[in-house]
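Accompanying notes for the structure given below.
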Amino acid sequence: MIKDRVGGLIFLLTGFYGLVYSRSLPMGRWNEPGPGAFPFGLAVLLAFSGITIIARAKSKKEENQKGKGWEFLRNLITPLLIVLLTLGFILALEPVGYVTSVMVYLFILFLGICRYKLPLAAGMSVVFALGSWYLFVKVLGVQLPLSFWGI
Amino acid sequence: MDVFGNLIAGFQTALSLHNIYLCFIGCLFGTMVGVLPGIGPLAGISLLIPATYGIDATGAIIMLAGIYYGAMYGGSTTSILMNIPGESASVITCVDGYRMTQKGRGGAALFISAWGSFIGGNLSILGLMILAPLLANFATRFGPPEIFAVLVLAFILLGSLGSGSFFKTMPMILLGMFLGTIGMDPLTGSFRFTHEVKDLYDGIGFVPVAMGAFGFGEILTATEESLVRIIHKVKMRELLPTREELRASWGPIFRGSGLGFLIGILPGSAHVLSSFVSYAVEKKLSSHPEEFGTGRIEGVAGPETANNAATGGAMIPFLGIGIPTGPATAVMMIALMIHGIRPGPLFISEQPQIFWGLIASMYIGNMILLILNLPLVGIFVNLLRIPFRILFPLVLIICLVGTYSVSASTFDLLVLLGSGILGYIFRKLKYDLAPFILALIIGPLLEVSLRQSLMRSAGSFSIFWHSPITLTLFGISSLLFLWNLITTLRPKSTWEKALDEGQDKYK
């Protein structure tokens, strides 16, 4: 089962990372465990769990995976686009300001991912950007980075 | 312990205009969140945490608790009217609830669901207000070895009763505990796994992880699907059940209340488990078990009562000893910690106005929810007409701004994004995220209690079996672990397969 193998690999790699880095921390003694002891123990258990999951996955009957690869990649497109867009928003937030960055963020979301027509996407992004600014800054009192045009 | 006197004082707190308003907002938002598939109660509570910054701790927990039990009411609406569970605890309600709608009895199903939730909710609050102070009193005798033993048992129970196999849930718990070690070591002050990144010195923030994994991650998963919605309309006059339906519902409602309350105390997917167990019990006790699945009112009354009653049960370990046993209570704990309050054995005695104010507000909240979910159910059903394409960008913005508002840190937003990706990946791999979040929050407490115990005993592990409390707790943990080993090796029974399928359907 591919899902189990991937899951097992995540735990194994995390465990491996923990084993390597926790050894650079003081382990202490049994009567005074150091900061490295607990993470080291967790890392050992994580790595062991990962290996167990991968081993059990190998012993299970493989499902028919025909066509599932393409389906998986197709389903990945929208989430991937949202992740990249959100990363852009995060990096632009402080230099450019909240209202400007959220307006662009929403515009690309509504146009590119939600497939609204250009005027509707533009209108909704302006309304929601200004509306959210009002709600968060004026009503809830949240401090957000200012855009070059003052809000 | 003067329960009655404390409850009166609690009502004095809860009946202030400010707290009634917050309770109403929480219940309203919770019902909306329960109705809307794709946004669960966890995401709802996480999204409203930033809104609690400007209010006091009592108001904050009243509002967030309102979302928690409100979502249990709302989740049944889409299950009954559209065969789409609004949240995971309402999966089983689809089976008979939707069939009743197809037969023209959807209104009666909604009524019984709301009525059962009301009864179950109130009975479980009664249990909560009696048992939580008793448990807190008992827990004041706990030292580090007892706390360690309780947490080990809590994690093993979580692995046993969570949605997913024990040997798939435990690695998530270990992963959460491991991530909880990032930052400053609480006992020595040295930095762990920070790689000289200053933003990691205080550890990974709970709010960005919770909002990322549950809010952002849920949206990423939901955008893959397009839901074709056929919404059945319900007229006011069709809301009332027949005498026969009312008579048939009383037994399941009272049995569901007891079952849900007891299961709610246990760590894990209490709401899902309680609804499935209640359905199985009602089917077993029915004189017409073959009719279950064709629109039996018992198949709605029992599960919906049980999942609401589980709310009160789940609050007992959270408020009594400071151990959240589910993701919703874990996120509520984050909200309280932001206000400088950590639930624990001394919480009820040191903050009685918060505890009893919350209890009283839950009684008020259940009344509000009965009104919202019966005559006003049509308003919530219309929420489903809002295109998801408009809703999800707004939820993303709320997640991002909510996280930024905690400490005005772009790093926290990156943690949110990373957690969202992690949440999406684990959902695709069919791993449960709730144990991960729980372990992230209470893992550090487990580590501190272990190290303090060993320091006290000069390195001897015998400290863990000197006390009858720790001996009993470790004994139960060992038996549970063995039981899980045996059940993993043996083939699953029919009801275990049905429970897994129901939980997988909603993951």
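Observations
- Residues located in the range A:4-27, provided they are outside any helix (DSSP H, G or I) and closer than 18 Å to B:G183 by Cβ: A:S24, A:L25, A:P26
- Residues within the range B:407-422 that are closer than 26 Å to A:L140 by Cβ and either facing chain A (nearest Cβ under 8 Å) or surrounded by fewer than 18 Cβ atoms within 10 Å (Cβ to Cβ) (or both), tallied: 10
- Every residue from the range A:1-37 that is among the basic types (K, R) and over 18 Å from B:S190 (Cβ atoms): A:K3, A:R5
- Residue in the range B:15-29 that is crowded, with 24+ Cβ neighbours inside 10 Å and either β-branched (V, I, T) or under 30 Å from B:F138 (Cα atoms) (or both) present: no
- The range B:93-116: number of residues that are closer than 11 Å to B:P303 by Cβ and within 22 Å of the chain's Cα centre (by Cα): 4
- Single condition B:F464 does not satisfy, out of (1) within 11 Å of another protein chain (Cβ to nearest Cβ); (2) of a type outside the set (S, T, Y); (3) part of a helix (DSSP H, G or I): (1)
- Some residue of the range B:15-26 being free of Cβ contacts under 8 Å to residues at least 40 places away in the same chain, more than 14 Å from every other protein chain (Cβ to nearest Cβ) and not in a helix (DSSP H, G or I): yes
- From the list B:T329, B:T305, the one residue that fits, being modelled with pLDDT under 90 and of a type outside the set (A, V, I, L, M), is B:T329.
- Note on the range B:429-444: residues that are buried (at least 20 other Cβ atoms within 10 Å of the Cβ) and assigned to a helix (DSSP H, G or I) total 10.
- Options B:T188, B:T221, B:T169; residue that is within 8 Å of chain A (Cβ to nearest Cβ) and modelled with pLDDT under 90: B:T221
- Filtered residue count, the range A:70-123, keeping only those that are among the acidic types (D, E) and out of contact with any Pro (no Cβ under 6 Å at 6 or more places or on another chain): 1
- Here the condition is being assigned to a loop (DSSP other than H, G, I, E, B) and free of Cβ contacts under 8 Å to residues at least 12 places away in the same chain; of B:I386, B:I397, it holds for B:I386 alone.
The values are calculated or read from the model by the stated rules, or taken from the named source; none is laboratory data. Everything numeric in this text was worked out from a predicted model, so none of it was measured. With ideal geometry, Cβ positions are generated from the backbone for all residues, glycine too; neighbour counts draw on all protein chains shown.
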